[in-house]
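Written below as structure tokens is the structure these notes are about.
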Amino acid sequence: MSKIIKAFALLLTALAVTACGTDLNTAPPVYQTGFISMDTYISLTVYGENRESAAKSCQSEIERLEELLSATDSDSEVYKINSSEGMPVTVSDDTKAVISQALLTAEESGGALDITLRPVVKEWGFTTGEYKVPDSAVLEKLLEKADYKAVQLKENIVSLPKDFQIDLGAVAKGYAGDKAIEKLKERGITSALVNLGGNVQTLGAKPDGTSWNVAVKSPFDESCLCVLRVQNKAIVTSGNYERYFEDENGKRYHHIIDPADGFPADNGIVSATVIGDKGLTCDALSTAIFVMGSDKAEKLWREKGDFEMLLVTDDKKILVTEGILDSFSNSSNMEVTVIKK
């Protein structure tokens with residue numbers, strides 16, 4: 001299944017327009033559009049007087065950011081960083097903001113998020129589609145040149161050691177969602193939903209004043225896991241079902257790599273959803289938490305206190321932080337445990 005088709009399938013189950021909770025059959029005028037960017041299918045649902053022009057402004061902004069943050073576009077700032085041969089590169093405020101948040105989350109999570117893993121991810125074939133299980137010795141060698149602490153960011157200048165490479169795929173969509181929301185607000189929009197391949201961001205409430213119903217997909221099948229009722233929030237999920245391949249024995253290998261050993265993270269979590277005010281922060285945290293596992297994730301949640309989360313374990317249990325319990329509706333038959341302060 002291609003990445004784009006897979007993203008579209010995820011859209012149908014992760015958006016608020018699924019069978020889990022239909023929001024868009026209301027009377028107020030609405031403008032809806034979809035397009036391909038950032039290697040996924042993006043959907044915009046905008047209400048208000050300037051809805052069409054606002055949506056088009058969002059699309060232009062997201063496409064502009066893709067040109068800056070893509071690791072494969074030879075004109076992007078990330079590509080220039082990776083090709084710098086150790087020389088400093090001056091970047092835009094946008095690239096600076098994304099790298100800064102990624103490094104902050106890396107520090108907070110003890111390195112669970114690491115934007116310098118691009119050579120390792122490439123070796124697995126997740127950037128090329130040429131999948132394979134690498135030799136452990138090869139991964140060990142590649143990991144010698146993968147360490148987020150080696151990324152130097154001073155003002156708008158990025159320095160990366162020779163042979164190091166970064167990839168902002170774990171955070172770029174979250175930032176794009178934030179900027180899309182900003183564009184909507186600039187044009188007076190107060191009710192909208194932005195979906196970037198499963199990264200959902202809501203602006204305000206629905207036109208009738210009620211919360212958006214955002215469905216979260218089950219990591220085990222195509223069913224709906226739960227519904228979250230939110231306003232002015234970002235909801236970002238990282239899961240082992242998003243991008244993966246299977247070897248000749250049917251063993252699955254997913255794309256979220258553990259920086260500790262270079263293999264797909266295997267800490268008991270199959271899906272991690274983070275709910276917060278900013279898409280960039282939620283995007284970074286969802287990946288980090290997936291890698292960390294539930295115990296360390298709970299500790300981080302208690303320490304930070306500025307986000308909520310929903311975890312699904314490999315033994316089919318749901319862990320929900322108490323801050324979103326009132327907005328959470330379980331659509332599965334899985335046992336739910338509430339994580340308390």
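The values are calculated or read from the model by the stated rules, or taken from the named source; none is laboratory data. Keep in mind that this is a model prediction, so the values were computed, not measured. Note that we place each Cβ from the backbone using ideal geometry, even for glycine, and neighbour counts take in every protein chain shown. When the accessible area is computed, the model is the full protein with side chains, heavy atoms only, and any ligands, DNA or RNA have been set aside. Shrake-Rupley method; radii C 1.70, N 1.55, O 1.52, S 1.80 Å.
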Point to revise | Those residues of the range 124-138 which are surrounded by fewer than 21 Cβ atoms within 10 Å (Cβ to Cβ) and not aliphatic (A, V, I, L, M), in sequence order | key: G125, T127, T128, G129, E130, Y131, K132, P134, D135, S136
Practice item. Scan the range 165-175 and give yes if some residue there is open to solvent by 80 Å² or more (accessible area, probe 1.4 Å), of a type in the set (K, R) and either outside any loop (DSSP other than H, G, I, E, B) or out of contact with any Ser or Thr (no Cβ under 8 Å at 6 or more places or on another chain) (or both), otherwise no. Key: no
Practice item. Would you check if there is a residue in the range 105-112 being more than 25 Å from I257 (Cβ to Cβ) and either out of contact with any Pro (no Cβ under 9 Å at 6 or more places or on another chain) or not in a helix (DSSP H, G or I) (or both)? Key: no
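Yes or no, residue by residue, for (1) assigned to a strand (DSSP E or B); (2) more than 13 Å from C58 (Cα to Cα):
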| residue | (1), (2) |
| --- | --- |
| K185 | no, no |
| L193 | yes, no |
| Q201 | yes, no |
| A205 | no, yes |
| G209 | no, yes |
| D221 | no, yes |
Check your understanding: What residue, among those in the range 47-83 that are acidic (D, E), free of Cβ contacts under 8 Å to residues at least 40 places away in the same chain and assigned to a helix (DSSP H, G or I), is nearest to Y31 (Cα to Cα)?
Key -> E52
Review point. Of the residues that sit in the range 50-89 and are open to solvent by less than 60 Å² (accessible area, probe 1.4 Å) and of a type in the set (S, T, Y), which one is nearest to the chain's Cα centre (by Cα)?
Key: S70
Exercise for review: Specify which of the listed residues (L184, L160) is open to solvent by less than 30 Å² (accessible area, probe 1.4 Å), more than 17 Å from K278 (Cα to Cα) and in contact (Cβ under 8 Å) with a residue 24 or more places away in the chain.
Suggested key: L160
Exercise for review: For the range 245-254, state whether one or more residues are crowded, with 20+ Cβ neighbours inside 10 Å and not hydroxyl-bearing (S, T, Y).
Suggested key: yes
